[in-house]
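The values are calculated or read from the model by the stated rules, or taken from the named source; none is laboratory data. Owing to the predicted nature of the structure, the values given are computational and were not obtained by experimental measurement. As a convention, Cβ positions derive from the backbone with ideal geometry for all residues, glycine included, and neighbour counts pool all protein chains shown. For accessibility, only protein heavy atoms count, side chains too; no ligands or nucleic acids. Shrake-Rupley method; radii C 1.70, N 1.55, O 1.52, S 1.80 Å.
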Amino acid sequence: MENFLPALLIIGGVIYKIYTEYQKEQEKARRRMPQVPPPTPPVTSEQRPEPNVIEPTVSIPTPINKTERLRDIPKEVKKITDERLAEANRKKAAMKVVPEMEEEDDVVPFDLRKAVIQSAILNRPYP
């Protein structure tokens with residue numbers, strides 16, 4: 001019971017120190033954050049001002065047909081793009097090749113007796 005008061009003071013001091021450090025960190029965080037104005041109260045329909053309607057003066061570009069775009073491309077560029085497309089098509093065609101099925105004539109004969117003998121030779125128990 002006699003050590004109760006010093007222990008209580010030590011615990012109180014630790015808690016106070018943690019609290020002051022927390023406040024310092026909060027102050028640093030407030031300095032780092034930009035100043036945000038307080039939120040404005042919601043405006044009711046009676047208080048809303050009429051918005052100013054501005055007509056757009058930007059013209060919408062007309063779409064260009066694909067054939068018109070292709071006429072503007074130089075011959076060198078067309079040649080290179082055609083070569084690339086041809087190469088891509090060749091690669092796709094090579095990927096689509098179906099592997100041939102093995103015919104029954106090409107089947108390798110399997111002799112179980114021979115396999116057991118070879119296995120015994122390879123896995124010979126040493127004395």
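One table, with the values for the structure above:
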| item | result |
| --- | --- |
| Distance (nanometres) between label positions extended 7 Å along Cα→Cβ at LYS28 and LYS78 | 6.7 |
| THR57, THR20, reordered so the largest accessible area comes first (probe 1.4 Å) | THR57, THR20 |
| Ranked order, ASP72, ASP82 - accessible area, probe 1.4 Å, largest first | ASP72, ASP82 |
| Exposure ranking of SER119, SER59 by accessible area [1.4 Å probe, largest first] | SER59, SER119 |
